[in-house]
1. Between Leu86, Leu186, Leu55, which gets the highest mean-square fluctuation from a Gaussian network model of the chain, Cα cutoff 10 Å?
2. If the label point is 7 Å along Cα→Cβ of Ile102, which residues in region 118-158 have backbone nitrogen under 19 Å from it?
3. Cα gyration tensor of region 47-128, axes a ≥ b ≥ c as square roots of the eigenvalues: rounded (a/c below 1.5), prolate (a/b > b/c) or oblate?
4. Given a Förster distance of 41 Å, report the FRET efficiency between Glu211 and Trp23 from their Cβ-Cβ distance, rounded to the nearest 0.05.
5. Considering only DSSP beta bridges with both partners in region 86-240, what is the antiparallel share in %, to the nearest 5?
6. Given the options Ala14, Ala153, Ala237, state which has the largest fluctuation in a GNM of the chain using a 10 Å cut-off (strictly under) for Cα springs.
7. Given the options Gly244, Gly155, Gly204, state which has the largest fluctuation in a GNM of the chain using a 10 Å cut-off (strictly under) for Cα springs.
8. From the square roots a ≥ b ≥ c of the eigenvalues of the alpha-carbon gyration tensor of region 21-82, which class results: rounded (a/c under 1.5), prolate (a/b over b/c), or oblate?
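Bear in mind these aren't lab numbers, they're just calculated from the coordinates by the rules spelled out. Every value quoted in this text rests on a predicted model; they were computed, and no experiment measured them. A quick note on method: Cβ atoms are made from the backbone with ideal geometry, for glycine too, and the neighbour counts reach across all protein chains shown.
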Amino acid sequence: MRILTLGDVTDPRAIDYLAAHLWAFRKDKKIDFTVLNAENAGFIVGPSPEDAVRLLDAGADVLTGGNHTLQKKSLHAMLDSDARLLRPANYPAEVPGVGYTILPANGYRMLVMNAIGRVEMEPMDCPFRAVDRILAREEGNYDFSILDFHAEATGEKVGMGRYLDGRVSIVFGTHTHVPTADEQILPHGTGYITDVGMCGIREGVLGISAETILQRFLTRLPERHQPADGEVRAQGAIFTLDEGSGRVTAVERVTF
């Protein structure tokens, strides 16, 4: 089984790009299941319901989230009603949505989880314990499992990979918008990468205009973020999963 994980959608133009290219990429790479982080799809804020529907129609099987997902109140009802749309599991229980789902993939049951980090992020429940609770609650109800860990600190992400090695099929990181070169198979068979990058404008600074960011750095004055202009690219990683053993056999970074 080949699973595609894609980094944060940072701009509405990236939605258009994925709508035009993702299905063809899936076909070319023989992708069986796709997890896409959509938490910045509205540019700095989470997707609208219309954005989410377009991304699902474009070829995403699950949309994961992060610290901006809940900022659009129009999305809250969809978070409660559509199992393909997630927010981090370690948010307070009272907020809309859920932090995991179980969906069919090639005749198997795929558990997809979403958690957010705590280092240099807003204070949340422990992401490690949140994942533990999900795995315990759903024991026997799934065949393979994936975690999108939306976190700032590389050490926290690496720690999560080591913590879940052999218990989760795939752990991939999002949030920093820059792909890391540490794709690997951990000792007990879990496929891992610290960050898969972003789906957005390559120019600028993490999808934001360079002029905006440089003014903030140089003057320390507040500056309204403006989207970068330029070429859209999608970044992610493909994990090849052995269906017999449940172990990942290959991890490949991709850009298209």
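1. Comparing Leu86, Leu186, Leu55 in the GNM, the peak value goes to Leu186.
2. 130-148
3. oblate
4. 0.70
5. Close to 45 percent.
6. Looking only at Ala14, Ala153, Ala237, the biggest GNM fluctuation is shown by Ala153.
7. Gly244
8. Prolate shape, in that a/c is at least 1.5 and a/b is the bigger ratio.
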